[in-house]
Amino acid sequence: MFSYRLRFLTLVLPFVYLLTACGGRTVTRSSAEKLLVNLPSGVLDEGDVKVVSVSQISAGTAIAETTLRAAFRMEKVQGEWVIRDVRLGNHQWESVENLMAALDRIKVDKAHQVLETISAALLQYRQKSGHLPAFDDYVDLSDALYPNYMTEAYRLDPWRQPLRAFREGPDTVKLVSSGPDEKPDTHDDIVLVRNYAP
């Protein structure tokens with residue numbers, strides 16, 4: 001078993017915490033650490049997490065960048081070391097493979113939500129203007145919809161790959177995320193095709 005203090009756990013999770021400010025106060029490093037240590041089920045002790053910086057995103061949202069104590073269980077397979085399990089703070093050991101699969105399921109749900117949001121914006125555009133916006137690619141489409149029809153200018157899917165959009169007919173648009181494998185035009189692409197005819 002190997003134990004490491006890691007500044008960023010990009011191997012396992014994007015450990016950037018979204019925190020909501022309490023009572024309208026600004027979130028400080030100290031208050032963020034208290035929130036993290038008080039996570040449900042006693043996952044972290046005081047010494048397990050150190051907040052490096054806090055960025056206030058809005059009046060009610062902040063991002064805390066942390067150093068987090070984690071342990072990794074490694075195994076030699078065919079002469080090469082591989083990481084099998086991870087333990088965060090006091091939490092139980094979790095399979096890295098299962099953890100990554102769970103994260104991908106969450107990201108798939110998020111990708112569906114993003115595509116539905118874009119589709120709803122397209123419908124609003126169509127209802128207001130009487131036609132769909134002209135676009136050559138997804139960036140053109142996003143520019144036509146943001147900020148009047150979408151509150152966020154979505155450009156990337158949850159795997160940080162570019163979203164894609166195609167005109168499938170005069171009133172039909174196909175929206176695509178590359179999905180968990182992060183490659184376009186493969187079996188796990190997340191696709192939403194919708195007709196916006198009145």
Residue selected from segment 38-70 under the condition within 19 Å of Trp93 (Cα to Cα), modelled with pLDDT of 80 or more and hydrophobic (A, V, I, L, M, F, W, C), by the criterion nearest to the chain's Cα centre (by Cα): Leu68
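Looking at Leu163, Leu145, Leu156, which is the one that is crowded, with 16+ Cβ neighbours inside 10 Å and in contact with a strand residue (DSSP E or B) (Cβ under 7 Å, 6 or more places away or on another chain)?
Values: Leu145 fails: in contact with a strand residue (DSSP E or B) (Cβ under 7 Å, 6 or more places away or on another chain); Leu156 fails: crowded, with 16+ Cβ neighbours inside 10 Å.
On inspection, the qualifying residue turns out to be Leu163.
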Residue check, Val86 out of contact with any Gly (no Cβ under 6 Å at 6 or more places or on another chain), modelled with pLDDT of 85 or more, buried (at least 16 other Cβ atoms within 10 Å of the Cβ) and part of a strand (DSSP E or B): yes
Test result for Thr186, hydroxyl-bearing (Ser, Thr, Tyr) and either surrounded by 12 or more Cβ atoms within 10 Å (Cβ to Cβ) or in contact with a Cys (Cβ under 6 Å, 6 or more places away or on another chain) (or both): no
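The values are calculated or read from the model by the stated rules, or taken from the named source; none is laboratory data. Predicted, not measured: the structure shown is a model, and the values here were computed from it. Here Cβ is always computed from backbone atoms with ideal geometry, including for glycine, and neighbour counts include all displayed protein chains.
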